[in-house]
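Working notes for the structure below.
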Amino acid sequence: MFEKILIANRGEIALRIQRACKELGIKTVAVHSTADEDAMHVRLADESVCIGPAPAAQSYLDIPSLVAACEITGAEAVHPGYGFLSENARFADILDEHKVAFIGPTAEHIRLMGDKIAAKETAQRLGIPVVPGSDGAVGSNEEAAEVAEKIGFPLLVKASSGGGGRGMKLAETAEDLPTALSTARSEAKSAFGDDAVYLEKYLKKPRHIEVQVLGDGLGHAVHLGERDCSLQRRHQKVFEEAPSPALNSEERARIGAIVAKAVADLKYRGVGTVEFLYENGEFYFIEMNTRLQVEHPVTEMITGLDLVIEQIRTASGAPLALSQDDIQFSGHAIECRINAENPKTFTPSPGTISYFHTPGGLGVRVDSGVYQGYTIPPYYDSLIGKLIVHGKNRNECLMRLRRALSEFVIDGIETTIPLFSELISEPDIVNGIYDIHWLEKYLKRP
Ligand code: MV4
């Protein structure tokens, strides 16, 4: 096991990772930009290193500074958190060259899943159902038109180097296809330096359901159930829950078993998320994320497992101590992402928190990186915390969430808390009837 871990991140996730390290008796090293000198993740770490100025490109994304911080402190491993360098295969390779462990999958697996065409081919080969579409990249517009006729319209043109909603173009009819292809290609070329695109049948009203997996890199893997992340705005998730109100236990066990088998066959190490669109009772693979996700706590709440501890153990080479039968799902969990933003316009609202009171009590968890008197800098993501609530069933979870939201007080800045207070009174949310377009439609209403 590692004795010292460097956490290459900031905010709530840096604190979350420190907590796991402390439980394992591992020393922590925080890194920070000059804008984060007063941040909680710096105060609570055993050691800290300033790695550069405020812009992330010169600090949290600066690989040479991070490698130097490992060398100065003697950290044996790096946890990247989410965002920043968490899915950067080159970073994993460079750490490896410096004999520092990357707490995550191998660089090869990160690279494989970063290439969306290769990821989809791999998923299909391993028995995971995928969205009908082109076999790999499409060549000329003529070739694309032929494939498109077979798939049918509407369809999506997706960039192989895209993901998370970047580099997608909708073609409603054959007439739209040439424009969709050329704009997708040129946007992908300038954003990612790669103009490879592929085609997929467009699913009109799916839910976004993702399966959490955990592997040891030695051929053993389990699934930890799914999360429903359909409530999103502009590809930013807002509210996540586990289990999905749309699935029954047979569907859960079936897709879970398929995914766990695939991940075991891949010899995947660490935690991962296999993303699906779900429509009319069918699952369609879209992408795999090779990082710890923001919404991992809802899975922790219903399984009782600590996903960060599992990441650290598997990165140190330990075999999985769990079999699928050891995983028990209990109750229901919901996460609300608390952003420092106006709850109607979503304009960022950095500034000083003049008063901060978090909810508590049975089944309530707050993962946050801020405190009363803290000044949120304007340079980074606006996520300042997450409220996660657990109950023995969905109804109890919603009752508890309503209560917890009413206790939460954050003054001095605007936050998305009022949006959640509204959402949990909406009949569709109470009944669990929503798809990936629900929230954007709701926000557009007069
Ligand atoms: C799709 C789709 C419909 N049909 N693919 C957007 C993010 C990226 N991960 C995949 N995305 C989508 N792919 C097919 N074939 C609709 C979306 C999509 C979406 C997916 C998940 C969550 C929110 C979304 C919002 C808009 C579009």
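The values are calculated or read from the model by the stated rules, or taken from the named source; none is laboratory data. Bear in mind the structure is a predicted one, so any value in this text is a computation, not a measurement. When we count neighbours, we look across all protein chains shown, and the Cβ atoms used for this are built from the backbone with ideal geometry, even at glycine. We work out accessible area using only protein heavy atoms, side chains counted, and drop any ligands, DNA or RNA first. Shrake-Rupley method; radii C 1.70, N 1.55, O 1.52, S 1.80 Å.
Okay, here's what the table says:
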| item | result |
| --- | --- |
| Filtered residues of region 112-128 (kept if buried (at least 18 other Cβ atoms within 10 Å of the Cβ) and touching a helix residue (DSSP H, G or I) at 6+ places or on another chain (Cβ under 8 Å)) | 112, 113, 114, 119, 122, 123, 128 |
| Selection count where residues are touching a helix residue (DSSP H, G or I) at 6+ places or on another chain (Cβ under 9 Å) and open to solvent by 10 Å² or more (accessible area, probe 1.4 Å), scope region 65-74 | 2 |
| Scope region 434-446; condition in contact (Cβ under 8 Å) with a residue 40 or more places away in the chain and either part of a loop (DSSP other than H, G, I, E, B) or not hydrophobic (A, V, I, L, M, F, W, C) (or both); matching residues | 434, 435, 436, 437, 440 |
| Some residue of region 403-418 being closer than 30 Å to residue 33 by Cβ, touching a residue at least 60 places away in the same chain (Cβ under 8 Å) and in a helix (DSSP H, G or I) | yes |
| Residue within region 87-102 that is in contact with a Ser or Thr (Cβ under 6 Å, 6 or more places away or on another chain) and buried (at least 19 other Cβ atoms within 10 Å of the Cβ) present | yes |
| Condition broken by residue 195, with the remaining ones in (1) of a type outside the set (Val, Ile, Thr); (2) modelled with pLDDT of 95 or more; (3) over 30 Å from residue 256 (Cβ atoms) satisfied | (2) |
| Lone unmet requirement of (1) touching a strand residue (DSSP E or B) at 6+ places or on another chain (Cβ under 8 Å); (2) free of Cβ contacts under 8 Å to residues at least 12 places away in the same chain for residue 193 | (2) |
| Segments classed as helices (runs of 4 or more DSSP H), wholly inside region 249-366, with at least 3 members that are touching a residue at least 40 places away in the same chain (Cβ under 8 Å), over 26 Å from residue 393 (Cβ atoms) and away from the ligand (no atom under 16 Å from the Cβ) | 249-265, 307-315 |
| Matching residues in region 28-61 - criterion: being in a strand (DSSP E or B) and crowded, with 18+ Cβ neighbours inside 10 Å | 28, 29, 30, 31, 32, 33, 48, 49, 51, 52 |
| Selection from region 401-446 of residues that are out of contact with any strand residue (DSSP E or B) (no Cβ under 6 Å at 6 or more places or on another chain), open to solvent by less than 40 Å² (accessible area, probe 1.4 Å) and not aliphatic (A, V, I, L, M) | 408, 432, 438, 442 |
| Filtered residues of region 160-202 (kept if within 16 Å of the ligand (Cβ to nearest atom), part of a helix (DSSP H, G or I) and open to solvent by 30 Å² or more (accessible area, probe 1.4 Å)) | 176, 187, 191, 192 |
| Pair list, Cβ < 8 Å and 6+ apart or interchain, from region 123-150 residues that are without any contact (Cβ under 8 Å) to a residue 40 or more places away in the chain to residues that are more than 16 Å from the ligand (Cβ to nearest atom) | 145/174; 149/174 |
